[in-house]
Amino acid sequence: MKNLRAKFRLWFNSKKAEGGFGDGKWRLLNEINNNGSLRAASEVLGISYRKAWGDLKNAERVMQVQLVDKHRGGREGGQTVLSKQGKKWVKAYELFRRDVEKAVEAAYAKHIKGFAE
């Protein structure tokens, strides 16, 4: 039990419990930012392009914010980049998640860690 540690999944839902934004979409946006392409981001994450596009559209609908700007390509290929709001969401979520992670680690140390030793 000494190797145990606290893990969690985090996401925001609408009042109707529709998935809005969480770790998966945050990772997707980070990869879009790193690669400049939704296709490349989906390949890095091991998900289909169709799923990645659907997840982004669902998040934008639920959150009522445009997360990416998509530019159709031609010979040079298309490009997907984070919108201004998308960049803000990525940073805000990163900071929020970091705070939640610290709180989870503190709660684990307070309530559980003694049992694992």
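Bear in mind that the values in this text are calculations on the coordinates, not laboratory data. No experiment lies behind these values; they were computed from the predicted model shown. Ideal geometry is used to build each Cβ from the backbone, glycine not excepted, and the neighbour counts take in all protein chains shown.
Using a simple spin-label model with pseudo-atoms 7 Å out from Cα toward Cβ, ASP69 and GLU94 lie 2.0 nm apart.
Remark: the chain carries a charge dipole of roughly 160 debye about the Cα centre, counting +1 on each Lys and Arg Cβ and -1 on each Asp and Glu Cβ.
Restricting attention to the range 20-116, the count of lysine pairs at 8 or more positions apart or across chains with alpha carbons under 22 Å apart stands at 23. Quick check: the angle from helix 84-111's long axis to the longest principal axis of the chain, C-alpha only, nearest 10 degrees? With rounding to tens, the tilt is 10 degrees. Could you work out the percent of alpha carbon pairs in the range 20-116 separated by over 17 Å, rounded to a whole number? I get 55 percent for the Cα pairs in the range 20-116 exceeding 17 Å.
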